[in-house]
Amino acid sequence: MQTISKLILIFLCVWIVNASAASFDCAKASSKTEKLICADAELSSLDEKLAQTYKLARENSTDKETLKRQQIEWIKGNIKNCTEVACLKSHYKRRISELEQQISEMETSGESQKWKYIASGSEHTCIANIDQIKCWGRDKYGLLNPPVKLKNIEQLVSGDLTSCAKDDAGWHCWGYCENQFCSFTKHIQRSDNLVIGNGHACSIIDGEVNCFGDNTYGQSIPPKNLVNVKKVVVNWGYSCALLDAGRIKCWGRRDNKLLDRAERLTDVRQVVASTYIVCVISSENDLTCVSGKEREEFNFFTRKKFANVFAGPYSVCGVNENMHAACVGGQGFSKEINEKNLDFDSLSIGASHMCMIKNGKVSCFGDYASENEIMYKERMPANQLMQEALKVN
């Protein structure tokens with residue numbers, strides 16, 4: 001037992017720290033297994049390769065303790081039973097293959113990059129970690145070509161056809177950039193609350209709202225004396241601000257009753273906006289939604305308490321304290337995720353897809369075809385497209 005414990009300690013330490021042949025100093029080899037490894041060139045090379053593969057898997061894994069336990073079990077269950085070189089070679093090759101498969105699965109799922117931020121537009125999604133951004137979906141206006149030299153990324157947001165990320169130098173945007181959409185003043189660059197709609201965006205600095213971009217409906221000109229703003233939301237042709245008094249103030253497109261109804265809501269602690277729906281969560285965790293239609297009701301959200309709510313271009317999803325989801329709209333994913341447990345750290349919604357991150361791993365529901373069949377000849381499952389994009393990149 002002492003010999004096996006020594007082997008476990010030696011192999012795990014050198015595999016984590018060092019990757020040089022034969023992953024340990026052969027001059028100090030004392031056990032029979034160590035001497036067998038050092039005496040055979042191929043086995044020594046396999047030991048070096050296993051060290052490199054295990055080190056890479058450990059660096060990329062989001063569950064290092066499980067990986068370490070598996071490695072210990074492999075040593076105990078295989079190394080101690082081998083007294084010949086051929087036996088060791090067989091077990092080494094099998095373990096290297098297992099670890100390489102795990103690494104491949106991490107890369108395919110996005111786990112190895114340990115993604116932290118996620119943001120979706122109508123038909124695209126971007127993810128980011130501290131210094132890297134990857135995007136997939138509809139390649140229009142350069143949506144899939146984010147800046148490559150960013151340092152210490154701390155925020156990522158997307159609108160219909162634009163995405164932006166904030167790093168040490170401030171905000172950087174790509175995609176649809178007309179109407180000076182991607183050219184920020186220094187004042188707006190300092191914002192920590194940038195939100196993007198369809199052609200316009202707003203931010204909050206010191207409780208005041210700044211908007212820019214398309215102003216066809218007056219959506220980029222906030223009302224005067226709008227102060228003590230806690231949050232601002234935007235969508236197609238309108239903007240709304242959540243005030244510290246729990247009320248909502250909106251501006252922009254008023255060709256239906258949506259904004260009027262939203263402004264009548266009270267006791268609001270959270271607000272989200274889709275193209276046709278505004279939803280709020282009260283201090284009692286009740287979720288209420290209003291639309292521009294005269295008699296549209298959202299009975300799906302009644303008699304339930306919600307911890308959070310998210311909006312996409314055409315859909316809204318509420319998540320209760322048990323992480324069960326309830327969605328309206330989102331023809332590509334609503335039926336797929338309604339009443340399911342959604343375990344996530346961050347979540348974003350597109351036109352007909354939803355993507356989320358949990359422990360650095362990305363998963364998606366729905367599809368990216370939306371109602372626009374010119375994007376793909378066949379509807380592309382969102383999770384499949386995400387996996388292919390991360391694998392290629």
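In the list A169, A165, which residue meets the criterion of being surrounded by 22 or more Cβ atoms within 10 Å (Cβ to Cβ) and modelled with pLDDT of 85 or more? I'd like the intermediate steps shown before the answer.
Details: A169 fails: surrounded by 22 or more Cβ atoms within 10 Å (Cβ to Cβ).
Within the list A169, A165, the selection yields A165.
Answer yes or no: is there a residue in segment 46-57 that is exposed (fewer than 15 other Cβ atoms within 10 Å of the Cβ) and closer than 25 Å to M106 by Cβ.
No, there is no match, as no residue in segment 46-57 is exposed (fewer than 15 other Cβ atoms within 10 Å of the Cβ) and closer than 25 Å to M106 by Cβ.
Would you say Y217 is touching a Leu at 6+ places or on another chain (Cβ under 9 Å) and either part of a loop (DSSP other than H, G, I, E, B) or not assigned by TED's automatic domain parsing to the domain that holds S315 (or both)?
no
Determine the pairs where a residue that is at negative phi and modelled with pLDDT under 90, located within segment 134-151, has a partner that is assigned to a loop (DSSP other than H, G, I, E, B) and of a type in the set (S, T, Y) with Cβ atoms under 9 Å apart, the partner being 6 or more residues away or on another chain.
Hits for this filter: R138/S122; R138/Y368; R138/S370; R138/Y376; K140/Y176.
If you check N193 against the conditions, is it outside any strand (DSSP E or B) and within 29 Å of the chain's Cα centre (by Cα)?
In short, yes.
Regarding S112, is this residue out of contact with any strand residue (DSSP E or B) (no Cβ under 6 Å at 6 or more places or on another chain), at pLDDT 85 or above and over 23 Å from S45 (Cα atoms)? Steps first, answer last, please.
Working: out of contact with any strand residue (DSSP E or B) (no Cβ under 6 Å at 6 or more places or on another chain): yes; at pLDDT 85 or above: no; over 23 Å from S45 (Cα atoms): yes.
In short, no.
Would a scan of segment 53-69 turn up a residue that is within 30 Å of G197 (Cα to Cα) and either part of a strand (DSSP E or B) or among the aromatic types (F, W, Y) (or both)?
Looking through segment 53-69, none of the residues is within 30 Å of G197 (Cα to Cα) and either part of a strand (DSSP E or B) or among the aromatic types (F, W, Y) (or both).
State all residues of segment 251-285 that are assigned to a loop (DSSP other than H, G, I, E, B) and in contact with a Gly (Cβ under 7 Å, 6 or more places away or on another chain); if no residue qualifies, say none. Outline the logic, then answer.
First, pick out the residues of segment 251-285 that are assigned to a loop (DSSP other than H, G, I, E, B): 253-257, 264-267, 274-276, 283-285.
Answer for segment 251-285, where residues must be assigned to a loop (DSSP other than H, G, I, E, B) and in contact with a Gly (Cβ under 7 Å, 6 or more places away or on another chain): R253, N256, K257, T266, D267, S274, Y276.
Looking for whichever is without any contact (Cβ under 8 Å) to a residue 24 or more places away in the chain and not in a helix (DSSP H, G or I) here; the options are I130, I118. Which one fits?
I130
Among C38, C87, which is in contact (Cβ under 8 Å) with a residue 12 or more places away in the chain and either closer than 27 Å to S104 by Cβ or outside the structural domain of N129 (by TED's automatic domain parsing) (or both)?
C38
Is at least one residue of segment 137-146 crowded, with 22+ Cβ neighbours inside 10 Å, outside any loop (DSSP other than H, G, I, E, B) and in contact with a Pro (Cβ under 9 Å, 6 or more places away or on another chain)?
No, because not a single residue in segment 137-146 is crowded, with 22+ Cβ neighbours inside 10 Å, outside any loop (DSSP other than H, G, I, E, B) and in contact with a Pro (Cβ under 9 Å, 6 or more places away or on another chain).
So, of the residues in segment 192-243 that are of a type in the set (S, T, Y) and surrounded by 22 or more Cβ atoms within 10 Å (Cβ to Cβ), which turns out to be nearest to W171 (Cα to Cα)?
Only one residue fits best here, namely S203.
May I ask you to say which residue of G360, G318 is out of contact with any His (no Cβ under 6 Å at 6 or more places or on another chain), modelled with pLDDT of 85 or more, of a type outside the set (V, I, T) and within 17 Å of C126 (Cβ to Cβ)?
G360
The values are calculated or read from the model by the stated rules, or taken from the named source; none is laboratory data. Nothing here was measured: the structure is a model prediction, and the numbers come from that model. When we count neighbours, we look across all protein chains shown, and the Cβ atoms used for this are built from the backbone with ideal geometry, even at glycine.
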